[in-house]
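Please read the structure below before turning to the comments.
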Amino acid sequence: PEVITKPARKTLILDWGNGPVLDHIAAALSKLGHTVIRHPRSGPKRADIIHLIERERPNLCVTRQRLYIQDARVNEALVAVGCRTLFVDLGVWPHYQTYLMDCAGDNAASSIVGNLARLESDPAIRASADLYEPEVARMRDALLKRAEEASSRPKELGLEDLRDYSLLVLQRGGDQVLIHDGPKAWRNPKTLALSVIAEVERTNRFVVVKPHPMSADDFDIAPEGPHHRVVDGFRCGALNDRQLAWLMVNANNAIMINSTAHFQTLALGVPTV
């Protein structure tokens, strides 16, 4: 309310990701009388952003996602000129399909989980969600097709003799979501994998561990044991997509900290944590 009733004279929008939301915000602020300055947000641009802040001295900064530790100097520059920051969170990647204003970073604990029942009961929101049913169906069909393609090359994809398993899909080590939003005990993918393997050993079950394709090379866990298998890691591409699709389609259930993958398992009807 304060931002709306007392419009900033000069607003800096740090662009990051794709999509029209920041375009809409920029247009709206311009109509409210703001001078809007837009600048890309990325690692190589940080020095330029800091110089821009020091030179233009904006009253308001609008950006996607929180300013994590590598953006500490950008945040310090904003504070130094008395600039307030509005974070348009959870909107970086198209598959989120939602934007939440939350500068505290508590989306996962409050804005999403705590309000699911209310969201589900709202007819307008329910109707909006129903519009995505065709997209979910397309996602499911694509995964089934990839899984079928993988069935013809099980040895190459590390899928031989797999049945009756849980699937653990890991995030990339050092991912900012793990560092800043994940429970401390599970911020290291290897630690999480070892804990899950210990649990399936205790309960006489079996788990397939799928490392993130961008960190598979440094994943130091025995590739196979009586209760687990770590599948070969492929860099992002067709082999990785087919392997992952087959693992999802045939899993009893799935455990993961990976936003894209959990949409896929849910689209397949696989029980997902």
Next on the checklist: Quick test of your reading of the structure: Val231 fulfils all but one of (1) surrounded by fewer than 16 Cβ atoms within 10 Å (Cβ to Cβ); (2) modelled with pLDDT under 95; (3) of a type outside the set (D, E, K, R). Name the failing condition by number.
Outcome noted: (1)
Checklist outcome for this item: The helices (runs of 4 or more DSSP H) lying wholly within region 1-98 that contain at least 2 residues that are among the aliphatic types (A, V, I, L, M) and at pLDDT 90 or above are 21-31, 46-56, 72-80
Item to check | Any chance Arg146 is crowded, with 16+ Cβ neighbours inside 10 Å, modelled with pLDDT under 85 and either touching a helix residue (DSSP H, G or I) at 6+ places or on another chain (Cβ under 7 Å) or over 26 Å from Ile69 (Cβ atoms) (or both) | outcome: no
Item to check | Condition broken by Asn204, with the remaining ones in (1) among the polar types (S, T, N, Q); (2) under 21 Å from Thr191 (Cα atoms); (3) touching a residue at least 60 places away in the same chain (Cβ under 8 Å) satisfied | outcome: (3)
Checklist outcome for this item: Selection from region 68-86 of residues open to solvent by 30 Å² or more (accessible area, probe 1.4 Å) and under 27 Å from the mean Cα position of the chain (by Cα) yields Ile69, Gln70, Ala72, Arg73, Asn75, Glu76, Arg84, Thr85, Leu86
Next on the checklist: Condition first: out of contact with any Lys or Arg (no Cβ under 6 Å at 6 or more places or on another chain), surrounded by 21 or more Cβ atoms within 10 Å (Cβ to Cβ) and of a type outside the set (S, T, N, Q). Now tell me which residues in region 159-177 satisfy that.
Outcome noted: Leu159, Leu167, Leu168, Leu170
Checklist entry - Restricting region 166-220 to residues that are under 21 Å from the mean Cα position of the chain (by Cα), modelled with pLDDT of 70 or more and among the β-branched types (Val, Ile, Thr), which is farthest from Gln243 (Cα to Cα)? => result Thr191
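The values are calculated or read from the model by the stated rules, or taken from the named source; none is laboratory data. Just so it is clear, the structure is predicted and the values come from calculations on it, not from any experiment. Neighbour counts run over all protein chains shown; Cβ positions are idealised from the backbone, glycine included. Surface accessibility is based on the protein's heavy atoms, side chains included, excluding ligands, DNA and RNA. Shrake-Rupley method; radii C 1.70, N 1.55, O 1.52, S 1.80 Å.
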